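J.: The structure under discussion is supplied below as structure tokens; questions concerning it will follow.
The values are calculated or read from the model by the stated rules, or taken from the named source; none is laboratory data. In this text, all values refer to a predicted model and were calculated from it rather than measured experimentally. Please note: Cβ atoms are built from the backbone with ideal geometry, for glycine as well, and neighbour counts cover all protein chains shown.
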Ligand code: SF4
């Protein structure tokens, strides 16, 4: 898996202070996509074990406490990203159990494959649905268009 950008400290993408990873790879081709460069799974940099360790270190950092990890893109549930994202969310929940995981995807929760669902099992909050330009609303919090839904999965478990 490649990633577009990693923000070790982020207060925009999700609640509280977070670490945020924007992955490469997306097949949704939403009209008005804010970053088409992320569609190409080869874009950006390789998310290697060193980067995985960096995320864990940042979540464990006691000087600047992060509430959790945000996974966006691109699409973290893009088929080519699944193995790497599954390994990451498993590790976060095993080593940083007090941190929440938010994940943004263009796929619908109701239509996820078995492998995508295996990842979502570790996710606290899933924001699903493509970006729809005619439903875009800058006043929305944590989503770009009104068709997208914030699913608080942790609350339902
Ligand atoms: S899901 Fe996100 S990254 Fe993918 S095309 Fe839509 S807006 Fe762009």
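J.: Here are some residues: 59, 71. Which one is within 16 Å of the ligand (Cβ to nearest atom) and under 19 Å from residue 92 (Cα atoms)?
T.: Details: 59 fails: within 16 Å of the ligand (Cβ to nearest atom).
When all the criteria are applied, what remains is 71.
J.: Considering region 134-157 alone, what residues qualify as being within 16 Å of the ligand (Cβ to nearest atom) and out of contact with any strand residue (DSSP E or B) (no Cβ under 7 Å at 6 or more places or on another chain)?
T.: Matches in region 134-157: 134, 138, 140, 146, 147.
J.: Same structure, new question: Just to be sure before I move on: is residue 2 over 15 Å from the mean Cα position of the chain (by Cα) and either closer than 26 Å to residue 112 by Cα or modelled with pLDDT under 95 (or both) in the structure I sent?
T.: Values: over 15 Å from the mean Cα position of the chain (by Cα): no; either closer than 26 Å to residue 112 by Cα or modelled with pLDDT under 95 (or both): yes.
Spelling it out, it is not the case that residue 2 is over 15 Å from the mean Cα position of the chain (by Cα) and either closer than 26 Å to residue 112 by Cα or modelled with pLDDT under 95 (or both).
J.: Scan region 33-51 residue by residue and report those that are touching a residue at least 24 places away in the same chain (Cβ under 8 Å) and surrounded by 12 or more Cβ atoms within 10 Å (Cβ to Cβ).
T.: At the first step, the residues of region 33-51 found to be touching a residue at least 24 places away in the same chain (Cβ under 8 Å) are 33-35, 37-39, 41-47, 51.
Correct list: 33, 35, 38, 39, 41, 43, 44, 45, 46, 47, 51.
J.: Another question, if that's okay. For region 13-56, which positions are more than 10 Å from the ligand (Cβ to nearest atom), touching a helix residue (DSSP H, G or I) at 6+ places or on another chain (Cβ under 9 Å) and part of a loop (DSSP other than H, G, I, E, B)?
T.: Across region 13-56, the qualifying residues are 41, 43, 44, 47.
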